[in-house]
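Everything on this sheet refers to the single structure shown next.
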Number of protein chains: 4
Amino acid sequence: MNFASDNTAGIDPDILAAIADANAGYARGYGNDDWTEAVERRLAELFEREVAVFLVPTGTAANALALAQVSPPWGVVFCHADSHIATDECGAPEFFGHGLKLVGLPGDGAKIAPDTLKTALAGYGGHSPHQMVPAALSITQASEAGTIYRTGEIAALAEIAHARSLAVHMDGARFANALVRLNASPAQMTWRSGVDVLSLGATKGGALAAEAVVVFEPARAAFMGERRKRAGHLLSKHRFIAAQFLAYLTEDRWLTLARRANAMADKLAEQLTATGLKPVWPVEANLIFVVLPRALDAKLKAAGATYYVRSSESLHVGTDNVLVRLVTSFATQESDIERFVGLCKKS
Amino acid sequence: MNFASDNTAGIDPDILAAIADANAGYARGYGNDDWTEAVERRLAELFEREVAVFLVPTGTAANALALAQVSPPWGVVFCHADSHIATDECGAPEFFGHGLKLVGLPGDGAKIAPDTLKTALAGYGGHSPHQMVPAALSITQASEAGTIYRTGEIAALAEIAHARSLAVHMDGARFANALVRLNASPAQMTWRSGVDVLSLGATKGGALAAEAVVVFEPARAAFMGERRKRAGHLLSKHRFIAAQFLAYLTEDRWLTLARRANAMADKLAEQLTATGLKPVWPVEANLIFVVLPRALDAKLKAAGATYYVRSSESLHVGTDNVLVRLVTSFATQESDIERFVGLCKKS
Amino acid sequence: MNFASDNTAGIDPDILAAIADANAGYARGYGNDDWTEAVERRLAELFEREVAVFLVPTGTAANALALAQVSPPWGVVFCHADSHIATDECGAPEFFGHGLKLVGLPGDGAKIAPDTLKTALAGYGGHSPHQMVPAALSITQASEAGTIYRTGEIAALAEIAHARSLAVHMDGARFANALVRLNASPAQMTWRSGVDVLSLGATKGGALAAEAVVVFEPARAAFMGERRKRAGHLLSKHRFIAAQFLAYLTEDRWLTLARRANAMADKLAEQLTATGLKPVWPVEANLIFVVLPRALDAKLKAAGATYYVRSSESLHVGTDNVLVRLVTSFATQESDIERFVGLCKKS
Amino acid sequence: MNFASDNTAGIDPDILAAIADANAGYARGYGNDDWTEAVERRLAELFEREVAVFLVPTGTAANALALAQVSPPWGVVFCHADSHIATDECGAPEFFGHGLKLVGLPGDGAKIAPDTLKTALAGYGGHSPHQMVPAALSITQASEAGTIYRTGEIAALAEIAHARSLAVHMDGARFANALVRLNASPAQMTWRSGVDVLSLGATKGGALAAEAVVVFEPARAAFMGERRKRAGHLLSKHRFIAAQFLAYLTEDRWLTLARRANAMADKLAEQLTATGLKPVWPVEANLIFVVLPRALDAKLKAAGATYYVRSSESLHVGTDNVLVRLVTSFATQESDIERFVGLCKKS
């Protein structure tokens, strides 16, 4: 009953096989290989435009490189107060961005509302050079609460951001999970709605370690190669990160894997709701947040269930309860869900 | 005839198998898994002491994290002028080290002589706070020229460094290649000779992407976890980087792989010497540097040989020649060596 | 009627005379002069202990150097949301601190309450290495709202901070204004109440450009000289910054100047209150915040009054009003106060 | 007999008087004052074009801000190995430039020859993204050896630099000393010869603490205000730094002061030469380098002469000698020169 994270799952067998397949003969290092070129072509195809692509091994690296690229050191990056970049990356954006500032905004379900962004921006301007300068908006899709921005919501936020010359970054660690739920195209969910740069994750979706920074306007990617290299994120045997991504994106594998993860979340949410444990936010991807009585929490853990207790900027549970996060993945088994819910029912 | 780099080879089959073996069930992320614990135990055993270990996906990351840990932002890191950190990492040490300064020293065969270090250090002191402060010495073992520091040489350099309170870092991207040639123990080649922190490479030796920062005095590793995380170098599915390392270090696999690479270099060097193309530096690891007439260079390339032309701080070839670097690896085939030498003979 | 800032005033005549007096003959540069030594002795005397002192030309430099000294790049510095370091220094703490993070806390009158700090700290811990690490508390004395921490309040905050190994920094841009109001000794208001490092301002008090970082435990000041130098904040003709400070601190000049500024604030506050414009926070130093109807604001400005409109994290005025900040200084004339209040009365 | 530095002199009386004159009434802070506007106008007039101007209190700040503005963090700044930015600023360019790299070039008399720059540049290119990227050339006028670049030499260097898209920075801590010797116009010695950004010093020339970053193409100065502020280099009582600069540049005061310093250097050089102590480099500004026997050095110091022993990248004196630097300034007295030379004669 492992619902701790989608990174506790292993590697999708097809992706693992692709690594093995790539292990034949020699290949030039540092991204000058055929697999890398194929990934770039595939991403251009998927996003229906020329894009600049930079593969890296972690999502933190992708986010921090992307933000440093679009914000000067004196820049402000607006994000949700519960966003991964603000709470879980130990200051990577500040490090890569040479001291840029994250400003965490409130918002239910870990989503930023357009008015919230507008209000925040209203506090900036007219106080140069004393005040840091708004530089970017970062949104997470699917969000840290498992909710999803609709393309209209993305476009509304991007319009506000662009009107103030902010770049729009999307942390897409769970991009596919959002995509399959929205039934939008990758282009619609990103640049057609105003996203300028995307952290596109494959690791949580089934890869070993493969993330991409996708810059939709290649001219904005100037010297990203140097930026990645000096961050130590250019892999020497680059074909193997590219091979993972290629397998992930081949045909509909990435969507299939995401649909499976989402379906498991739906099932878990449905059954928990039936036992009276209604998720606190809409279950739109592969994350479920529920409030558990402490006694049930203890019982589940004693039975071997693993998951994390979380706090939320916008939701406060009492002292007798805990807010827990349950994550499903492509590897989640229905039997685990049934056993977990069974334990909840008996409580 | 691929002699471009040891990173153009793929993954050693046993290491690839270990990745597949690790792909069973769930594992906690971020290094809280059994494989990671086993790697730490194995390294403690190999180095005959408690060590602090931080796995990362690239050698650049290992070097830069290690140097940032032992040097303040106003620190000077002495290294060879031809060292990888100085020439090939796009300023990663300066980035991770928040502006530290690399001072490149001369030295034949990419090795620093004790007197050279002494002379360099004599230029520092007595000019505080205007001058940057000597903080570390970084040596590469095996060196970028394929030469090897004897343990006595390491100890002599470390003694000079420690007398001025400098930390000693070893870039061990080809640690095993040096180790098997010296027939020294890992402990002797490092901390017993004064090395404080080691970048231990497995990638060039046969892994997919696996390097380690090894801190010999664990107290000096304080907050290295945060440092790695904020650099984006803590892998979420950490078991797979640990599994690579574990397979690499299991029994004598790492040494066997290194011996094979070195043996191929010996054979190539021997046969080139026989054709009159004597390597310019002692062939002590898996790198061979030879001066080729431009005509031969063209002919070899036309025949499909791949390798890099290099420049050296300490060696200047005429305009009719090129200095080329030939690298062997665990994957090098004898037939390629014979074909390459055959082409040289006929010239 | 200039109430814009205490930095719109010029130089106190005695301090200016001290600059002229110091302009005789030669003096060694970079702080190796008699004036600097005398300032250090004087500060040791005033603070009743050995201290390490670093003079710099701006308060932003003093704050940023102090915070960088006590926080690692992955450190969190807690401060009030309205504090100068958070709102007016364009990211200097983040720059000097190589990416450290300021976490702004709420609190009435720009003061942090002990419970607020406790609650904030409770959110940290147990999530290493993903979360940044609490490193310091920064409080402003007198605060940006013109209020003052009592020594007991400082001690209470420091106790909480020290229990979590946080350093305590005091931004003392208006240190003297607070000191004379509290009638405490400099030692009581700082290290005896738990302050570890102080930004001590003289500029607003009457100097041309003179601030000091005072480190109460000199061992914690290691390499501050290098830190200041590499920030470009070591003045070459250092005797002139030292001469300013020396004149400022000679006998009770600094206290006399502060008392005059405070007395003007008291008078202004008293008379405004009499007209029905009661300051929104206790007037404890030389800052007065009042809510003005927009019409009165326009009238005052038309009559030549200068002051700034401010926003506050903890106070929201309606759309028909503005929150304005009135600052007095050693140079404020009673006639200006009377004219200003006269205009308010007639409204 | 103080020849230690031009910063051991005090403030020129006229500049000091200008500070006192500016000390009347109130003035807006942070550069929004009349003096600042007047300095900007005066510099535009002197340089015969629109310029962007940023006043700062130290030369290190001016240099570091200028270089950070024209080089990315992965940039290489070429400079002379003996340049102040490389040897005396404790890594300020690396700090402000977020890890940029200074590459010190050789050159007699602390000047870089065009061919030296060409050779250095030839080592860059074709190795992206592994190698740092050439970004700027920094030359010092007058140089650290007291020599002067002719306008043709500046133009030749700038042409080479611009051909590779490098910006050209001039460290003009002793700009006036060079200018009056060359009898060139400020425009000729800078932007008309290809200089893009200038650190213009007034401190050594007679100010208390006043330096300027002058950006000749104002569009290249975008966000320099923020950069300066977050470095803590925006003075609050800005009128006083502007007043210094204004007095320095009024009529020909800056040139008169520089001519006096140079004339003292000429006299000292001439008389030393007559005693057989010929300066090792042409005396073209206010710096004289001579090789002294150790016995004479001891005798001079015993008699109260102050100066610094220097080492040079391009000149090595034997163990029985020292290379000493003698600096004259606007404040140097002929009597001191005569006494100094008298001591040399008797040796």
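The values are calculated or read from the model by the stated rules, or taken from the named source; none is laboratory data. Everything quoted here is computed from the prediction, not taken from an experiment. Counting neighbours? That spans all protein chains shown, and the Cβs are built from the backbone with ideal geometry, glycine included.
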Out of all the residues in segment B:183-223, which are part of a helix (DSSP H, G or I), surrounded by fewer than 24 Cβ atoms within 10 Å (Cβ to Cβ) and either more than 14 Å from every other protein chain (Cβ to nearest Cβ) or polar (S, T, N, Q) (or both)? B:PRO186, B:ALA187, B:GLN188, B:TRP191, B:ARG192, B:SER193, B:PRO218, B:ALA219, B:ARG220
Does D:ALA243 satisfy the criteria of being in contact (Cβ under 8 Å) with a residue 60 or more places away in the chain and within 30 Å of C:ASP88 (Cα to Cα)? yes
Segment D:122-147 - residue that is more than 29 Å from D:ALA202 (Cβ to Cβ) and of a type in the set (Ser, Thr, Tyr) and, of those, nearest to the other protein chains (Cβ to nearest Cβ): D:SER128
Of A:VAL39, A:VAL70, the only residue that is outside the structural domain of A:PHE340 (by TED's automatic domain parsing), crowded, with 22+ Cβ neighbours inside 10 Å and within 30 Å of C:GLU94 (Cβ to Cβ) is A:VAL70
Can you find a residue that is over 12 Å from A:CYS79 (Cβ atoms), facing chain C (nearest Cβ under 9 Å) and in contact with a helix residue (DSSP H, G or I) (Cβ under 9 Å, 6 or more places away or on another chain) anywhere in segment A:100-121? no
State all residues of segment C:118-140 that are within 26 Å of A:PRO93 (Cβ to Cβ) and either under 20 Å from the mean Cα position of the chain (by Cα) or among the small types (Gly, Ala, Ser) (or both); if no residue qualifies, say none. C:ALA120, C:ALA122, C:GLY123, C:GLY125, C:GLY126, C:SER128, C:ALA135, C:ALA136, C:LEU137, C:SER138
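Looking at A:ARG28, is it assigned to a loop (DSSP other than H, G, I, E, B), away from chain B (no Cβ under 14 Å) and surrounded by fewer than 21 Cβ atoms within 10 Å (Cβ to Cβ)?
Details: assigned to a loop (DSSP other than H, G, I, E, B): yes; away from chain B (no Cβ under 14 Å): no; surrounded by fewer than 21 Cβ atoms within 10 Å (Cβ to Cβ): yes.
For A:ARG28, the condition - assigned to a loop (DSSP other than H, G, I, E, B), away from chain B (no Cβ under 14 Å) and surrounded by fewer than 21 Cβ atoms within 10 Å (Cβ to Cβ) - is not met.
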Restricting attention to segment B:2-25, the residues that are crowded, with 21+ Cβ neighbours inside 10 Å, more than 8 Å from chain A (Cβ to nearest Cβ) and out of contact with any strand residue (DSSP E or B) (no Cβ under 7 Å at 6 or more places or on another chain) number exactly 3
Suppose we filter C:LEU55, C:LEU121 for residues that are surrounded by fewer than 20 Cβ atoms within 10 Å (Cβ to Cβ) and touching a strand residue (DSSP E or B) at 6+ places or on another chain (Cβ under 9 Å); which single one remains? C:LEU121
Look through segment A:288-305, keep the residues that are in contact (Cβ under 8 Å) with a residue 60 or more places away in the chain and surrounded by 16 or more Cβ atoms within 10 Å (Cβ to Cβ), and return whichever of them is nearest to the other protein chains (Cβ to nearest Cβ). A:ALA305
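Considering only segment D:323-340, state which residues are of a type in the set (A, V, I, L, M), surrounded by 20 or more Cβ atoms within 10 Å (Cβ to Cβ) and not in a loop (DSSP other than H, G, I, E, B). Explain how you work it out, then say what you get.
As a first pass, look at segment D:323-340 and keep what is of a type in the set (A, V, I, L, M): D:323-324, D:326-327, D:331, D:337.
Those still in the list that are surrounded by 20 or more Cβ atoms within 10 Å (Cβ to Cβ) too: D:324, D:326-327, D:331, D:337.
Passing the criteria: D:VAL324, D:LEU326, D:VAL327, D:ILE337.
Restrict the check to segment C:273-287 and report whether at least one residue is of a type in the set (S, T, N, Q), in a loop (DSSP other than H, G, I, E, B), surrounded by 18 or more Cβ atoms within 10 Å (Cβ to Cβ) and within 14 Å of chain D (Cβ to nearest Cβ).
Within segment C:273-287, the first condition is being of a type in the set (S, T, N, Q), and the residues that meet it are C:273, C:275, C:286.
Still in the list and also in a loop (DSSP other than H, G, I, E, B): C:275, C:286.
Then drop every residue that is not surrounded by 18 or more Cβ atoms within 10 Å (Cβ to Cβ), which leaves C:286.
Those left that are additionally within 14 Å of chain D (Cβ to nearest Cβ): none.
Checked against the condition, which is being of a type in the set (S, T, N, Q), in a loop (DSSP other than H, G, I, E, B), surrounded by 18 or more Cβ atoms within 10 Å (Cβ to Cβ) and within 14 Å of chain D (Cβ to nearest Cβ), segment C:273-287 yields no hits at all.
Does D:ILE11 satisfy the criteria of being touching a residue at least 40 places away in the same chain (Cβ under 8 Å) and assigned to a loop (DSSP other than H, G, I, E, B)?
yes
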Pairs, first of a type in the set (Val, Ile, Thr) in segment A:26-46, second crowded, with 20+ Cβ neighbours inside 10 Å, C-beta under 6 Å, six or more apart: A:THR36/A:HIS238; A:THR36/A:ALA242; A:VAL39/A:ALA242; A:VAL39/A:PHE245; A:VAL39/A:LEU246
Taking only pairs six or more apart or across chains, which ones have beta-carbon atoms under 9 Å, a first residue in segment B:334-347 that is among the hydrophobic types (A, V, I, L, M, F, W, C), and a second residue that is outside any helix (DSSP H, G or I) and loosely packed, with under 14 Cβ neighbours inside 10 Å? B:PHE340/B:ALA303; B:LEU343/B:ALA303; B:CYS344/B:GLY276
Of everything in segment D:55-99, what is away from chain C (no Cβ under 13 Å) and over 24 Å from D:SER314 (Cβ atoms)? Give them in sequence order. D:GLN69, D:VAL70, D:SER71, D:PRO72, D:TRP74, D:GLY75
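Those residues that are part of a loop (DSSP other than H, G, I, E, B) and over 17 Å from the mean Cα position of the chain (by Cα), I need them from segment C:150-176; list them, please. Give the steps one after another, and end with the answer.
Here is the first cut: in segment C:150-176, the ones part of a loop (DSSP other than H, G, I, E, B) are C:150, C:164-166, C:173-174.
Across segment C:150-176, the qualifying residues are C:ARG164, C:SER165, C:LEU166.
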